[in-house]
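Each remark here refers to the structure printed beneath this line.
The values are calculated or read from the model by the stated rules, or taken from the named source; none is laboratory data. Keep in mind that what you see is a predicted model, and the values were worked out from it rather than measured. Ideal geometry is used to build each Cβ from the backbone, glycine not excepted, and the neighbour counts take in all protein chains shown. These accessible areas exclude ligands, DNA and RNA; they are computed on the full protein's heavy atoms, side chains included. Shrake-Rupley method; radii C 1.70, N 1.55, O 1.52, S 1.80 Å.
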Amino acid sequence: MDKIIEYTPEGVCSRRIEVHVDGSRIRKVSFAGGCHGNTQGIAALLEGMEIEEAIRRLEGIDCKGKGTSCPDQLARALRQLSE
């Protein structure tokens, strides 16, 4: 059964991240706002990936010196699932 989380990112262009997970695997990711091509690419690459692996790969990515990025915000959303 899928679990769906909606996350409101902070400090980035995207306004919302929705993540569907099944157990420990990511099934679907969608972003509202942000750099459309990049967020679509991130979403496609993460389908089927283990949550912890996605967090490991995305956490700490910076966008233009903001101290965060859409991928980093997605890692934070996923981290909420594992807590």
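Observations, loosely collected:
- Residue within region 40-47 that is touching a Pro at 6+ places or on another chain (Cβ under 9 Å) and modelled with pLDDT of 95 or more present: yes
- Look at region 26-40: where a residue is free of Cβ contacts under 8 Å to residues at least 24 places away in the same chain and a partner is among the small types (Gly, Ala, Ser), sitting 6+ places away or on another chain with Cβ atoms under 7 Å, you get Ser30/Ala43; Ala32/Ser14; Gly33/Ser14.
- Any hit, region 19-36, residues being in a helix (DSSP H, G or I) and not hydroxyl-bearing (Ser, Thr, Tyr): yes
- Residues that are at pLDDT 95 or above and open to solvent by 70 Å² or more (accessible area, probe 1.4 Å) are absent from region 30-38.
- Looking only at region 64-83, and only at residues there that are assigned to a helix (DSSP H, G or I) and of a type in the set (D, E, K, R), the one that is farthest from Pro9 (Cα to Cα): Arg79
- Yes/no for Ile26 being open to solvent by 60 Å² or more (accessible area, probe 1.4 Å), touching a His at 6+ places or on another chain (Cβ under 9 Å) and among the β-branched types (Val, Ile, Thr): no
- The set of residues in region 37-63 that are over 16 Å from Pro9 (Cα atoms) and assigned to a loop (DSSP other than H, G, I, E, B) comprises Glu47, Gly48, Met49.
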